Amino acid sequence: MNNHDNFDSLTRDIHDMPVFSDHEHHLPDESFRQPVTLSALLDQSYVGWLGYSPGDTPESRAEYLDHVRHNTYYVWFERGLLAAHGLNTPVTADNWDTVSDTIAAAHAEDPDLHLNILRQAGYERLILDTYWNPGDDDGHPDLFAPTFRIDKFMYGHHSEAKDRDGFNPWENYGFSGNTLDEYVEFMRAYIKERHDAGKVVAFKNAEAYRRPITYAEDNREAALEAFGKHREALNEGQWILFGNYIFHRCCELAAELDVPFQLHSGLAQISGSDPSHLVPILEKYPQTRFVLFHAGYPWIHTIAGLAHNYRNACPSMTWMPTISSTAAVRALNEFLDVAQSARTITWGSDCWVSEESVGAVMAWRWVVARTLADRVDMGLLRLRDAGRLAEGLMYDNNRHVYPKAVAVS
Ligand SMILES: [Zn+2]
């Protein structure tokens, strides 16, 4: 068979495989009670991050599509939207209102459509990061397994301190002690209790959006100094070191509870998110399994190097196929070349709305088929081994990396 035939047959096989996602932000049911228009969906997708607005006229929408339609966020968003709603014609300025009305009517008719769309696309399990209410499963434990966003605790140096979403860990979690050690003990007990109730299948940290991922310095003296002080009384360095101290305690707790620790690396604040900053953490906590999100894009080679050197570094392709589909093929090829175990390579769609998750899993199926067909063609993979490898990438690796997220049926 030539490469094209291999790609086509792999595409067919992969199309029917179930999928397990290691990272999502799906919105609560109430969000789908208001009209789900095309503009609203775009706004809640990564296409919205491109900074263009479609407006309300055929002219503004045509201009909008000229700007965004070749970006892979849009390419897969549109494919997901059409697939989820059984539409065949690409979105144009002329059919915009018709498409939008069709989507809104479908959601209005079926209040569970946002969940059914995921199931129809093959999602069997999704690890959910509800950063607005850490550890929630949106009331659907059959579908969603919660990761616990530990970031919030990194802001609790004072009873009035809040993170940048306005979340106050003292108020929200009910801490009222007086010392740093009491605070850490409270955090540990709080997370353990949730874990023992089956509500923490992983830890998650996304501080890369707010600060450099320079977590290496674990300075107890600095944390003691910062504790009890208002944010204004702390300089940037003191605030960072308090966060680091809490982060290190969470690295210990993740090992103790035997849950993977998901770390955002790459993109976000691009100046501070180079994954090589994580080397001291990988070395200090060999018993903690770190899932390195987003393939570290644009530092995909750095993630590959970390996966090559450190057994506790899992290279995750989460979000990568929609950030850049071509870079995702390069990253997956390289991760397969170097990862100590192919079982550590995971994926998630990282979306808020289901239509975009459908597009994202189409992107991932495409990336897997493209990469494996290339490897067969290059003589790096036997065709008869490709099916098993694809099953791992689509769902089995996530079951392996996150055993506590596997649904009990
Ligand atoms: Zn995310």
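Given the options 115, 143, 126, name the one that is surrounded by fewer than 21 Cβ atoms within 10 Å (Cβ to Cβ), under 22 Å from residue 18 (Cα atoms) and in contact with a Ser or Thr (Cβ under 8 Å, 6 or more places away or on another chain). Working first, answer last.
Details: 143 fails: in contact with a Ser or Thr (Cβ under 8 Å, 6 or more places away or on another chain); 126 fails: surrounded by fewer than 21 Cβ atoms within 10 Å (Cβ to Cβ).
Exactly one residue qualifies, and that residue is 115.
One residue is enough: does the range 241-250 have a residue meeting the conditions within 16 Å of the ligand (Cβ to nearest atom), crowded, with 16+ Cβ neighbours inside 10 Å and in contact (Cβ under 8 Å) with a residue 40 or more places away in the chain? Even if it seems obvious, please write down each step before you answer.
So the first thing to find is which residues in the range 241-250 are within 16 Å of the ligand (Cβ to nearest atom), and the list is none.
No, because not a single residue in the range 241-250 is within 16 Å of the ligand (Cβ to nearest atom), crowded, with 16+ Cβ neighbours inside 10 Å and in contact (Cβ under 8 Å) with a residue 40 or more places away in the chain.
Determine which member of the set 324, 341 is of a type in the set (Ser, Thr, Tyr) and closer than 19 Å to residue 387 by Cα. Steps first, please.
Values: 324 fails: closer than 19 Å to residue 387 by Cα.
Just a single option satisfies the conditions, and that option is 341.
For the range 333-350, which positions are away from the ligand (no atom under 16 Å from the Cβ), farther than 14 Å from residue 296 by Cβ and touching a Leu at 6+ places or on another chain (Cβ under 7 Å)?
To start, the set of residues in the range 333-350 that are away from the ligand (no atom under 16 Å from the Cβ) comprises 333-345.
Filter again for farther than 14 Å from residue 296 by Cβ, leaving 333, 336-337, 340-344.
Within the range 333-350, 342 is the sole residue that qualifies.
Can you tell me which of 210, 249 is modelled with pLDDT of 95 or more, under 24 Å from residue 264 (Cα atoms) and not acidic (Asp, Glu)?
Working: 210 fails: modelled with pLDDT of 95 or more.
The match here is 249.
Is it the case, given these coordinates, that residue 191 is touching a Leu at 6+ places or on another chain (Cβ under 9 Å) and within 16 Å of the ligand (Cβ to nearest atom)? It would help to see each step written out before you state the result.
Values: touching a Leu at 6+ places or on another chain (Cβ under 9 Å): yes; within 16 Å of the ligand (Cβ to nearest atom): no.
For residue 191, the condition - touching a Leu at 6+ places or on another chain (Cβ under 9 Å) and within 16 Å of the ligand (Cβ to nearest atom) - is not met.
Which residue is nearest to residue 214 (Cα to Cα), if the candidates are limited to the range 285-316 and must be touching a residue at least 60 places away in the same chain (Cβ under 8 Å) and touching a His at 6+ places or on another chain (Cβ under 8 Å)? If you could, list the steps in order and put the result at the bottom.
Kept after step one, since they are touching a residue at least 60 places away in the same chain (Cβ under 8 Å), are these residues of the range 285-316: 289, 291, 293, 314, 316.
Add one more test, that the residue is touching a His at 6+ places or on another chain (Cβ under 8 Å), and what stays is 293, 316.
Numbers: 293: 16, 316: 20 Å.
The residue in question is 293.
Could you pull out every one of the helices (runs of 4 or more DSSP H) wholly within the range 160-240 that has 2 or more residues that are free of Cβ contacts under 8 Å to residues at least 12 places away in the same chain and loosely packed, with under 13 Cβ neighbours inside 10 Å?
The qualifying helices (runs of 4 or more DSSP H) are 180-196.
Looking at (1) more than 30 Å from residue 31 (Cβ to Cβ); (2) polar (S, T, N, Q); (3) in contact (Cβ under 8 Å) with a residue 60 or more places away in the chain, find the lone condition where residue 341 falls short.
Every condition holds for residue 341 apart from (3).
Residue 96: in contact (Cβ under 8 Å) with a residue 12 or more places away in the chain and either surrounded by fewer than 22 Cβ atoms within 10 Å (Cβ to Cβ) or more than 30 Å from residue 406 (Cα to Cα) (or both), yes or no? Break it down into steps so the answer makes sense when it comes.
Numbers: in contact (Cβ under 8 Å) with a residue 12 or more places away in the chain: yes; either surrounded by fewer than 22 Cβ atoms within 10 Å (Cβ to Cβ) or more than 30 Å from residue 406 (Cα to Cα) (or both): yes.
When the stated conditions are applied, residue 96 passes them.
Might you check whether a residue that is over 18 Å from residue 291 (Cα atoms) and within 16 Å of the ligand (Cβ to nearest atom) occurs anywhere in the range 366-374?
Of the range 366-374, the ones over 18 Å from residue 291 (Cα atoms) are 366-374.
Checking the rest, the ones that are also within 16 Å of the ligand (Cβ to nearest atom) come to none.
So far as the range 366-374 goes, no, none of its residues is over 18 Å from residue 291 (Cα atoms) and within 16 Å of the ligand (Cβ to nearest atom).
Could you look through the range 378-409, keep only residues that are touching a residue at least 24 places away in the same chain (Cβ under 8 Å) and of a type in the set (Val, Ile, Thr), and pick out the one that is surrounded by the fewest Cβ atoms within 10 Å (Cβ to Cβ)?
406
The values are calculated or read from the model by the stated rules, or taken from the named source; none is laboratory data. Computed from a predicted model, the values in this text were never measured in an experiment. Quick reminder, even Gly has a Cβ in these numbers, built from the backbone with ideal geometry, and neighbours come from all protein chains shown.
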